[in-house]
1. From the list Gln138, Gln115, Gln123, Gln164, which residue is of a type in the set (S, T, N, Q) and assigned to a strand (DSSP E or B)?
2. Name the one entry in Val111, Val91 that is closer than 30 Å to Leu158 by Cα and crowded, with 20+ Cβ neighbours inside 10 Å.
3. Search the range 80-106 for residues being part of a helix (DSSP H, G or I) and in contact with a Lys or Arg (Cβ under 8 Å, 6 or more places away or on another chain), and hand back the single one that is farthest from Met127 (Cα to Cα).
4. I'm checking my understanding of the structure. Among residues of the range 148-161 that are touching a residue at least 24 places away in the same chain (Cβ under 8 Å) and assigned to a helix (DSSP H, G or I), which one is farthest from the chain's Cα centre (by Cα)?
Amino acid sequence: MTTTPEGMPCWYELGTSDLTAASAFYAEVMGWTITDSGMPGMNYLLATATDGGTVSGMMEVQGGASAPPPSWLIYFTAADCDERVAAISAVGGTVITAPADIPGTGRFAVVADPQGAAFGLLQPLPMEAPLEHPAFDQQASGHGNWHELMSSDPEAGLAFYAGQFGWTKGDTMDMGEMGTYQIFGGGGLDLGGMMGLGNSPVSACPLLRLGRRGPVRRAHHCRWRHGAPRPRRSARWRLDRPGHRPPRWLVRRRRTALTDAGSGAQL
């Protein structure tokens, strides 16, 4: 049997107000193949990258005008989902969705850290061998590659994730008035970076960088919003060509915020 280290990114999930438009957008821009999961009782779609690896799930958010905005959710591995949820609650985290079983997949929950950033937990069923093309693969285009946390207290945030998942500090980048961009790692890899909020509104979103197509094609399919506010307390991720470290454009002081043209989920 194979085991995955605790706290490794393992799944990405889009909640959208327009599942049809979002599916068409990501299929065109990312080259994903979107198919129905066949899950009883709900319309849950699966996105598969060009190498055959299943990268993400997509579902329509419910609630009409009161529904949360379109956003991406990152799932991290948990050796015992129930124990991890209890540990997170004990240090000031919030349980959004209590642990429950997913037939044929494992046990999951959705929680938030003490500063309010939401993320998922997944306790996968035992596997005979590792997945050939996992959702998080820093060597594959169209897969999860980088994860970014914007927090009201990044030092407390890092301490929280270090305590829960064993994440460690990596290099830092001086962002001037914006503060310090702190790279963090786990499982022997640089997983992402975290920094303070600034004047950003509350929002969770992914950051996508398309290695397989150029910026002109990307711009054609995204709504560019120069000077748009940064997301607050958000778990962010990006899809990229092979490479472990974030490029300088990822952490430059002047950024460009995008929304996907399918559903409005911020990138």
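Laboratory data are not the source of any read-out in this text; all were calculated from the coordinates shown. What you see is a predicted model; the values in this text were computed from it and never measured. In this analysis, Cβ positions are derived from the backbone assuming ideal geometry, glycine residues included, and neighbour counts consider all displayed protein chains.
1. Result: Gln123 is the single residue among Gln138, Gln115, Gln123, Gln164 that is of a type in the set (S, T, N, Q) and assigned to a strand (DSSP E or B).
2. Result: Val111 is the single residue among Val111, Val91 that is closer than 30 Å to Leu158 by Cα and crowded, with 20+ Cβ neighbours inside 10 Å.
3. Taking the candidates together, the pick is Asp82.
4. Here the answer is Ala156.
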